[in-house]
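Note sheet for the following structure.
The values are calculated or read from the model by the stated rules, or taken from the named source; none is laboratory data. Only a predicted model underlies this, so the values are computations on that prediction, with no experimental measurement involved. All Cβ positions, even for glycine, are placed from backbone atoms using ideal geometry, and neighbour counts span all protein chains on display.
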């Protein structure tokens, strides 16, 4: 038996066990298992370093880790303060050079200035010269999650996703409270003390990507798509109840209310028209269908003139094709108020008419109210019809038609 | 009446009269007194009695046999424990004299609960007798309308024990973790944990949370010193993983065990109802009260 008693690493212990089985040697070790001593108050278990013969208790490990963390936090704070000082100085100098008051200077000004002063042709935008506040580029300094005694600060620390589950439990508490309130009000017949209303507009909840990034950047918690799904279910359930103001504010952290006018179409470039040299309002858009390509201009102040490749609606011989061209105007009730000028190439009759329809409906958007624009999008007139002739397959006559089937 | 049955009939009548006198059995169901089957072959009154179940035999022993009323559960008295001072101080870290263990009920836990409150909050109701776990038989009093009824003479001292233990742990600065996987009562359990200044885990339990703690957490974390189970079972109906993990890590557990639960790995089981909201509210209130009381004591004694 070995005389010297030394603490061994895990690998050595395993090797010793194997030797014992194989050769019959015994390796005397003080087998100090990590969690051999359990006491009420402190984690007094023991861990062993193979490099040193020092035996460290778990409570001491925790305190040493905490001290290291606090040291790093102090260094980080010093760094941040230095960078902010430099940033503020440079900002003032830049403003002086540009002739602007530093309070009126925006990020766009800074970006323009740096692109002028320090131009670079690098593709990677992250490696170009930048001028940012340290909060924008330094990593977030997380708080140490424990108190002095080693107790965690967050009451759901052991769930591994404390802030996510805190949010979910808050929503659950609110739903419970509101349910009980409804019962109370129903039995008593009185009006509630606070102003409680149902939501008129639905909420649009956060994307999965934004949701995951939020928790990763702020709290360094990994959240999954299933968690996001559950989040949406819970918030939806809450939003269907009769809510107080504080509940609506709580929901606004995690979603936006859809207004009657959708903001994307209102503020986008689709809703803006241009003006001619003569002062006429117009909008040109391209439309396509199959292999037909159309270029359509719509003049806002018109009298219902339609021109297709220099001709009128007679360009199309079939009635169906003419109807396709007229349909967006009929929907928006703007036949008399609008002039249309279109040029078409490629395709056949149906394809060309479909292309003009596509271009026309997109060009009509600036001259039409938001409700009508929503109607057009609902009708599918703004989408490009992606149907194309299906290819022929070998072993068949055509795309779908098979050869004659013989019993024998 | 057949001659062979006279003896049995006489005993039955005697027992029946005794039952009427015994108040505690008002409305109780005693199946072996009601003749169940009469076969056509039995031309004469040959009563076929079913063999009584084990619990009904216990019933019988208590009531029918003239025994003096023993205390059904021993009143547990804590032994006077005098720790070695040096070792205790080294482990505690805090230097304050610990007189708490000299008293059997230092935190006056017995005045917080009594039998009436348990009865009113429906703690004595169990599940259908078909769901009965065999290890829970010793905690049951009997059957009523096919539901198991807990013996509150056995739950009450165990409740006191558990509360006293929790108080002592919190008095020494221990971490308490509330665990429950019942969706109905999850908000309440989390609220009690937050109000008491302790921790809760009523969500998906990642296996290895306690046994493999260093891998799952990025920082070195302390294990909880007590784990309290308001529901020892999963949402599926099987035993919660945390029970075995605590047993492996030698973490003492307190748990409310219903008649369909397994009480083996729980150090301080509280046999009682875990399904009705009144009972769960009572338990949460009691745990919160003990923890806050113990923390008050700790504040006072640490300052000294």
Determine if the stretch A:178-199 includes at least one residue that is away from every other protein chain (no Cβ under 12 Å), surrounded by 11 or more Cβ atoms within 10 Å (Cβ to Cβ) and under 28 Å from the mean Cα position of the chain (by Cα).
-> yes
By my count, helices (runs of 4 or more DSSP H) wholly in the stretch A:57-157 with at least 1 residues that are in contact with a strand residue (DSSP E or B) (Cβ under 8 Å, 6 or more places away or on another chain) and modelled with pLDDT under 85 are A:58-98
Taking the stretch B:241-267, which residues are within 14 Å of chain A (Cβ to nearest Cβ) and touching a strand residue (DSSP E or B) at 6+ places or on another chain (Cβ under 7 Å)?
-> B:242, B:246, B:251, B:252, B:253, B:254, B:267
Being at the interface with another protein chain (Cβ under 7 Å from one of its Cβ atoms) and assigned to a loop (DSSP other than H, G, I, E, B) is the filter here, so list the residues in the stretch A:158-177 that pass it.
-> A:160
Of the conditions (1) part of a strand (DSSP E or B); (2) under 22 Å from residue A:377 (Cα atoms), the single one that residue A:344 does not satisfy is (2)
Within the stretch B:150-186, can you find the residues that are out of contact with any strand residue (DSSP E or B) (no Cβ under 8 Å at 6 or more places or on another chain) and within 14 Å of chain A (Cβ to nearest Cβ)?
-> B:164, B:167, B:168, B:171, B:172, B:173, B:182, B:183, B:184, B:185, B:186
Wholly within the stretch A:206-310, helices (runs of 4 or more DSSP H) carrying at least 1 residues that are modelled with pLDDT under 90 = A:208-219, A:263-267
Is it the case that some residue within the stretch A:392-402 is in contact with a helix residue (DSSP H, G or I) (Cβ under 9 Å, 6 or more places away or on another chain) and surrounded by fewer than 20 Cβ atoms within 10 Å (Cβ to Cβ)?
-> no
Going by the structure shown, is residue B:274 more than 29 Å from residue A:65 (Cβ to Cβ), assigned to a loop (DSSP other than H, G, I, E, B) and at pLDDT 95 or above?
-> yes
Picking from B:267, B:232, B:253, the residue that is under 19 Å from residue B:177 (Cβ atoms), in contact (Cβ under 8 Å) with a residue 12 or more places away in the chain and surrounded by fewer than 23 Cβ atoms within 10 Å (Cβ to Cβ) would be B:267
